[in-house]
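The values are calculated or read from the model by the stated rules, or taken from the named source; none is laboratory data. Because the structure is a prediction, the values reported are computed rather than measured. Positions of Cβ are generated from backbone atoms using ideal geometry, with glycine treated the same way; all protein chains shown enter the neighbour counts. These accessible areas exclude ligands, DNA and RNA; they are computed on the full protein's heavy atoms, side chains included. Shrake-Rupley method; radii C 1.70, N 1.55, O 1.52, S 1.80 Å.
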Amino acid sequence: MNFELTEEQQMLNDSLRRFVTNEYGFEKRGHVINSGKGTDPATWAALAEMGLLAFTFPEDYDGLGGNAVDTLVVMENFGRSLVVEPYLATVVLAGGLIRDHGSEAQKADILPAIGSGERLMAFAHSEPGARYNLSRVQTTARKDGESYLISGHKTAVLHGAQARQLIVSARTSGAVGDKQGLSLFLVDAAAEGIEIHDFATHDGHRTADIRFNNVAVSAHSLIGTLDEAFPAIEKAVDLGIAALCGEAVGAMEAMNTATLDYIKTRKQFGVAIGKFQVLQHRMADMFIQAEQARSMAILAASEADSDDRERRREALSMAKTLVGQAARYVGQQGVQLHGGMGVTDEMFAAHLFKRLTLINLLFGDAEHHLAQVSDGLLAASA
């Protein structure tokens, strides 16, 4: 596996690192969070101008033809500064679904609009009680003449209240839990019958509970093939996992840097606590965990675009397991080495810890994905 960035990716990395360092500092992030809007229009416009919002879209739709490794570079830099913009929801999840499964008309309408920063989108899939079971969908889409009527309840929709359009998974046939019978629909967020409850998660991001009460959508709103959406849902989630692994690596790097700076200046018994060998050992372990996580994030990104489902899912689960475990370790150790200050909102470390904790939970925590890997290995050896 190639662990080196291409020349273009290195240029992207350097440019984006300068941007988040100079334009998206701790105070700026706090202002965006406290506004309750979930996004900063100026920052989003700047990302669009840099080409980041269209980076992974085909050139025929004003994109740059990038891949999941390019997304890794972007998300790693976002992780370093804890950027709260809806990049994951709009570009990676919703944009990825339209790119890979949308009709030509949908691609022509949506992808350039996302790339220019004009349109925010969200993927409404998770439901109460489903936990990490992607096929457990109770929301229904019932045929009504030339339209479909969508009814159901989606929860934890990333940036759902900020989106202009939603991609909604619904059951068009089969029983709850069946992989067969799921479909995806493009829904206007302002459509009659939609109730959106917006709230902040503990790490400062925005999410929403959304209820659909006989929301009418046309047959043209169907994305992909009727009843056959489960593979598309899996692929979208895998792309999201790869992106989150990259973000976690960036956040761990930031936590290690902040913690090292702190123990070099915090004094106890007249000397900097960084002089104590036991704390040096802890820092060494933190850096090792972060480097191992980086290797697995690269593996995840290199496999995320693959159409080989079994290989892709195994690689993504292995990566999410190790990255989740590393995120927990680095986050907890960083907070402990900061002492009581480590859990106060005034310290960047506290916000890094919160985000690392939530990244571990999103799209399946380390324990869930470890079980997935174990089940796959047992099945392969049977």
Residue among A208, A248, A170, A254 that alone is open to solvent by 10 Å² or more (accessible area, probe 1.4 Å) and either out of contact with any helix residue (DSSP H, G or I) (no Cβ under 7 Å at 6 or more places or on another chain) or part of a helix (DSSP H, G or I) (or both): A254
Answer from V69, V73 - the residue that is touching a residue at least 12 places away in the same chain (Cβ under 8 Å), open to solvent by 30 Å² or more (accessible area, probe 1.4 Å) and in a helix (DSSP H, G or I): V69
Evaluation of L64 against (1) under 25 Å from I167 (Cβ atoms); (2) part of a helix (DSSP H, G or I) (one fails), failing number: (2)
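So that you can scan it fast, the table gives a plain yes or no per residue for (1) over 27 Å from L182 (Cβ atoms); (2) modelled with pLDDT under 95; (3) of a type in the set (A, V, I, L, M); (4) in the same structural domain as A371 (by TED's automatic domain parsing):
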residue	(1), (2), (3), (4)
I263	yes, yes, yes, yes
F269	yes, yes, no, yes
K275	yes, yes, no, yes
R311	no, yes, no, yes
A327	yes, no, yes, yes
Q336	yes, yes, no, yes
Single condition M318 does not satisfy, out of (1) among the aliphatic types (A, V, I, L, M); (2) open to solvent by less than 60 Å² (accessible area, probe 1.4 Å); (3) in contact (Cβ under 8 Å) with a residue 24 or more places away in the chain: (2)
Residue satisfying all of: in the range 226-261; free of Cβ contacts under 8 Å to residues at least 40 places away in the same chain and not hydrophobic (A, V, I, L, M, F, W, C); nearest to A297 (Cα to Cα) among these: T257
Odd one out for G334, checked against (1) out of contact with any Phe, Trp or Tyr (no Cβ under 8 Å at 6 or more places or on another chain); (2) in a helix (DSSP H, G or I); (3) surrounded by 14 or more Cβ atoms within 10 Å (Cβ to Cβ): (1)
Condition check for D345: loosely packed, with under 14 Cβ neighbours inside 10 Å and closer than 27 Å to R206 by Cα: yes
For F199: the one exception among (1) under 30 Å from F348 (Cβ atoms); (2) of a type outside the set (G, A, S); (3) buried (at least 16 other Cβ atoms within 10 Å of the Cβ): (3)
Those residues of the range 277-294 which are crowded, with 17+ Cβ neighbours inside 10 Å and among the small types (G, A, S), in sequence order: A290, A293
Single residue of the range 173-197 satisfying the filter (in a loop (DSSP other than H, G, I, E, B) and in contact with a Ser or Thr (Cβ under 7 Å, 6 or more places away or on another chain)) that is farthest from S135 (Cα to Cα): G181
